[in-house]
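Peer 1: Attaching a single structure in structure tokens format; questions to follow.
The values are calculated or read from the model by the stated rules, or taken from the named source; none is laboratory data. All values derive from a computational prediction rather than experimental measurement. These accessible areas exclude ligands, DNA and RNA; they are computed on the full protein's heavy atoms, side chains included. Shrake-Rupley method; radii C 1.70, N 1.55, O 1.52, S 1.80 Å.
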Amino acid sequence: GELVSEVFYDGSLATGRGTSWHDTSLLPTQLRHEVCWVDTSPLGRSAFESASPDRIDCWNDAEAGVVMGVLRALLQNQGLVRALKEGLQPGDPIVGIICMYSKQREVLNQLKSEARWIPAELRRLVKIDTVDSYQGKENRIVILSTVRNNAQQNPGFLRSPNSINVAMSRAMERLVVVGAAPMWKGKNEGTPLGQVLKKIESLCAADRATIAKAQEFRL
């Protein structure tokens, strides 16, 4: 809430809830704080985006693998799964994966369907959708796949504050942003994601957020 308020509303929004009720010992170490940025830049050029010939759609295979690694780290703890399901309607998703591009949704849905480590009863508890489809929705844990990572630092439509605002404000308990941190520095520092990264870095300095390396979550 603080992140969204400061980045998108000049600090005018107040958080209307207390500390998370979850037992943080159930979470992977990197996700003990409410916000975590998983940096894919240490993977080098393999973490660059791919694009359709018309440059309209983008996807990022390496980043998708990291997203699935984060998901596996969450779902392998049955105690955490039970805690996340508490208070929800049967079948309600506990983890939402938000994709900034529809092609990335296709890539992640394919990886999800091929992931034998996801028990059948948990598949319906993981929702994968685009940011445009997430308006008005929320999940206990949200993993955001930013997709964009290129040598030209071209942010595409991710310069849109509305889309980034929606993506950042869908998480009830934990927000995990997966993307290349250097992409959102320098000339992109002033973009919405650049401002989000700067805020997460300040929270990290105060031991209130985490910046992890992608290798910590690769399958």
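Peer 1: Ignoring ligands, DNA and RNA, please state the percent of accessible area on region 11-80 from carbon and sulfur, probe 1.4 Å.
Peer 2: Looking at region 11-80 in its full context, I get 50 percent from C and S.
Peer 1: Read phi for every residue in region 34-42 and hand back ³J(HN,Hα) as whole Hz from Karplus 6.51 cos²θ - 1.76 cosθ + 1.60, θ = phi - 60°, with x for Gly and Pro.
Peer 2: Computed from phi, the couplings for region 34-42 are 5, 10, 9, 9, 9, 8, 8, 4, x Hz.
Peer 1: SER202 to GLN135: extension gain in nm, 0.36 nm per residue of separation minus the Cα-Cα distance?
Peer 2: On the way: separation 67, 0.36 × 67 = 24.12 nm, distance 2.74 nm.
My answer for the length gained is 21.4 nm.
Peer 1: Using a cut-off of 15 Å between alpha-carbon atoms, which aspartates and glutamates can reach LYS185, once sequence neighbours fewer than 8 places away in the same chain are excluded?
Peer 2: Qualifying aspartates and glutamates at Cα under 15 Å: ASP39, GLU201.
Peer 1: If you bin every alpha carbon distance in the chain into 5 Å steps from zero, what whole percent lands in each bin?
Peer 2: 1, 7, 16, 21, 22, 17, 10, 5, 1, 0
Peer 1: Using just the helices of the chain, give the 222 nm mean residue ellipticity in deg cm²/dmol: DSSP H runs with n ≥ 4 each add -39,500 (n - 2.57), and the total is spread over all residues, rounded to 500.
Peer 2: Estimated from H runs of four or more residues: -9000 deg cm²/dmol.
Peer 1: Here's something else I'd like to know. Using DSSP, restrict attention to beta bridges with both residues in the chain and report what percent are antiparallel, rounded to the nearest 5.
Peer 2: Working: 2 of 27 bridges.
So the antiparallel bridges in the chain amount to around 5 percent.
Peer 1: With no solvent and one point on each alpha carbon, what is the Debye value of log10 I(q)/I(0) for region 112-219 at q = 0.17, 0.20 Å⁻¹?
Peer 2: -0.94, -1.23
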